[in-house]
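I have placed the structure first, in the form of C-alpha cells, so that the comments after it can refer back to it.
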Amino acid sequence: MRLTSVSSAQRALNVNRVLWIGFLAGLLAGPGVGCGRETPTIAVGRTSLDLGEIPQRAVQTDVRVANVGRGTLRILAVKTSCGCTRAWVSDSVLAPGGATTLTVHYDPTAIVPPDSGRVQRGVYLLSNDPLRPEIEFALSAVVRPCDGG
C-alpha cells in the first residue's frame, strides 16, 4: 500500500468544502427539519416598550407574541427586573400559528421611594424556542412626580 502525503493547503481546502456542504445542506433542510423535529419559533411585535412621559401611577401595555414555527411553543416563565413591574401572558402554550398577549404592568409607586424621572426596567420571556430561549423587553418611561415637580 502506498501512502501519499496531503499538503496543509489541500487539507484546508477539503475542510472548507465539507463545511460549505454542511452549511448549504442545513439551509436547504430548513429549521428543525434536519433533525427530524418540528421546532417552535417565537415572534414578538416589539421589544422596546417606551411608555413616554407618564404620571406617577400604574400603567400597562400589551405586546403580541406568536409562534411562527412548526412545533408547539411553550412560554416557560415571565420575569421582571423590579418589583414595580409585573408581566404575564394570557396563554403559555401556543400551537403553530398561535398567538398570545404579553401584558406588562408598571407601577412607579410600588417601591419606596416611588420612581420619578427617567426609568428603565426589564421584562424577560423564557420559552422553548431553541434559537431564542430568552427575549428581553426594555421598558422605559419618564415619570412625572405627583407633586407637579
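What follows draws every value from the coordinates through simple rules; no lab data is involved. Quick caveat, the model's predicted, so the values are computed rather than measured. Please note: Cβ atoms are built from the backbone with ideal geometry, for glycine as well, and neighbour counts cover all protein chains shown.
Structure above, values below:
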item	result
Residue-span extension gain [ASP91 to THR72] - 0.36 nm each, minus C-alpha spacing	5.6 nm
Segment 42-144, dipole about Cα centre (Lys/Arg Cβ +1, Asp/Glu Cβ -1), debye to the nearest 20	60
Average Cα contact separation per residue, segment 42-144, under 8 Å, 6 or more apart, as relative contact order %	36
Cut-off 19 Å, label 7 Å out along Cα→Cβ of THR101, residues of segment 39-53 by amide N	43-51
